[in-house]
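Have a look at the structure below, then the notes.
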Amino acid sequence: MSAVAGVLAQGVDLGRYNSFGFAARAENFVRVESQAQLREAVALARANGWPVLVLGGGSNLVLREQIPGLVIQMAIGGRGAEPVGNDEVRVTLGAGEVWHQSLEWMLEQGYYGLENLALIPGTVGAAPMQNIGAYGVELEQAFESLQALDTETGEVCGFDREACRFGYRDSYFKSGAPGRYIILEVCLRLSQRPRPVLRYQALVDELQVRGLDNPQPVDVFDVVCAIRRSKLPDPAEVGNAGSFFKNPLVSQAHYQQLLQRYPALVAFPAGEGCKLAAGWLIDQCGFKGETRGAVGVYKRQALVLVNLGDGTAAELMCLAQEIVVSVEARFGVTLEMEPRLYPA
Ligand SMILES: Cc1cc2nc3c(=O)[nH]c(=O)nc-3n(C[C@H](O)[C@H](O)[C@H](O)COP(=O)(O)OP(=O)(O)OC[C@H]3O[C@@H](n4cnc5c(N)ncnc54)[C@H](O)[C@@H]3O)c2cc1C
């Protein structure tokens, strides 16, 4: 019997492993702390014909009650850094490292560039999955490469930035080849010279309120944490997965059309078109603070759906569908869900 088969657990409740806090039962569950254990777990799943779900912090997942096959909890750790010239460093992080703690460590070392992504829950390995982004910065801006296990061939492959095909809350791993690759480690290229990114108005305003005219990376980090704490519910208190919908991209023409009818429309330029604030659209349809059984729309931010206690994925998906239909009818815009529903 393989070592992994020996530590395999059956019928594990994933309630505390997903930020919605949904009671979901994993048919089989294993935590892996090394590449060797991961390979064994994948081989075991293959031998049994089990579907595999890789679980990081569970903060971008909507889990149904029964999870068939094998859940692999990613816990491969490791942090390292090497200078690469021009005041830059290459930081390598294991996929199971906690994102926010890694960011704190980078800041302590004097490696800058991703301060705006403070307090995003979850693991390093999941960060490239949807090219995490917040407050004017996306992971890809400091991304160099990653190593991933190809579950079809058993080989470890390297992916540079181009191969990852990053997009807005998207990547090759999320929409090109979902489920095929398991990310093992991520390499970032960071600067030893502070260069704060101050594009996001709420961030600029709060820095000003604090009298920080020449903000340092640690100031940006602290302010981002403070804004996030004031706006988003803490999953430890109210189950949620952050933004439930992506901000929809529309053409300039469509944006202008909507703006004429809704002068208060909130939107941001994005490439050739515009990104509409999904939260604003949902709020206009009257959903903010609405509840349906044990799930609802967060009272302070309509983009966040919440589990109020013993809600289920099924209830949440009904509410999500109601919102999609309503926004489509009113604005002619189709909202796309951001977290992954599993099993789909
Ligand atoms: C309060 C709150 C605020 C949030 N704010 C933001 C935000 O500002 N910006 C943002 O972009 N996101 C945000 N999120 C969403 C979420 O935190 C991120 O998407 C995060 O990267 C998910 O990490 P995780 O480890 O929890 O992934 P999980 O939820 O465990 O997994 C997400 C997906 O990635 C896959 N996956 C996980 N690890 C691996 C791996 N090693 N290899 C291959 N596949 C893997 C899973 O199978 C799943 O499909 C927020 C969530 C919450 C709860």
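About its Cα centre, the dipole of the stretch 3-74 is roughly 60 debye, where the only charges are +1 on Lys and Arg Cβ and -1 on Asp and Glu Cβ. Each peptide in 67-78, 116-127, 206-217 gets a packing score, the mean of other Cβ atoms within 10 Å over its residues, and the list from highest to lowest is 116-127, 67-78, 206-217.
Here r is the Cβ-Cβ distance between C157 and L341 and R0 is 30 Å; the resulting FRET efficiency, rounded to 0.05, is 0.65. Put +1 on the Cβ of every Lys and Arg and -1 on every Asp and Glu Cβ in the chain; which of G21, P263, Y200 then has its Cα farthest towards the positive end of the dipole? Result: P263, furthest along the dipole toward the positive end. Explain nothing, just the number: dipole magnitude of the stretch 207-344 about its Cα centre with +1 on each Lys and Arg Cβ and -1 on each Asp and Glu Cβ, in debye rounded to the nearest 20. Rounded to the nearest 20 debye, it is 240 debye.
The dipole here belongs to the stretch 79-191: it is taken about the Cα centre, uses +1 on the Cβ of Lys and Arg and -1 on the Cβ of Asp and Glu, and is about 280 debye. Adding -39500 (n - 2.57) for every DSSP H run of four residues or longer, then dividing by how many residues the chain holds, sets the calculated 222 nm ellipticity at -8000 deg cm²/dmol. Under 15 Å from a point 7 Å along the Cα-to-Cβ line of A329: which residues of the stretch 241-282 have their amide N that close? 282, by backbone N distance to the label point. What's the FRET efficiency of A36 with Q66 using the Cβ-Cβ distance as r and R₀ = 35 Å, to the nearest 0.05? Once the sixth-power term is evaluated, E becomes 0.75.
Placing unit charges on the Cβ atoms of the charged side chains and taking the dipole of the chain about its Cα centre, the candidate lying farthest along the positive direction among A3, P215, P121 is P121. Here the stretch 64-78 is scanned for amide nitrogen atoms under 18 Å from the site 7 Å beyond the Cα of A47 along Cα-to-Cβ, giving 69-72. Placing a pseudo-label 7 Å from each Cα along the Cα-to-Cβ vector at R90 and A226 gives an inter-label distance of 3.8 nm. When each of the peptides 253-260, 91-98 is scored by how many other beta carbons lie within 10 Å of its residues on average, the order from highest to lowest is 91-98, 253-260. With the cut-off at under 19 Å, measuring from each backbone N in the stretch 305-344 to a point 7 Å along the Cα-to-Cβ line of A264 picks out 327-328, 330-332. The relative contact order of the stretch 239-342 comes to 31 percent, based on Cα pairs under 8 Å that sit 6 or more residues apart. If R0 is 56 Å, the Cβ-Cβ spacing of N214 and Q321 corresponds to a FRET efficiency of close to 0.70. Of the peptides 300-309, 55-64, the ranking by mean beta-carbon count within 10 Å, highest at the top, reads 55-64, 300-309.
Taken together, the values in this text are just the output of simple stated rules run on the coordinates, not laboratory data. The structure presented is a predicted model; accordingly, all values stated were derived computationally and were not measured. Here the Cβ is made from the backbone with ideal geometry for all residues, glycine too, and neighbour counts use every protein chain on show.
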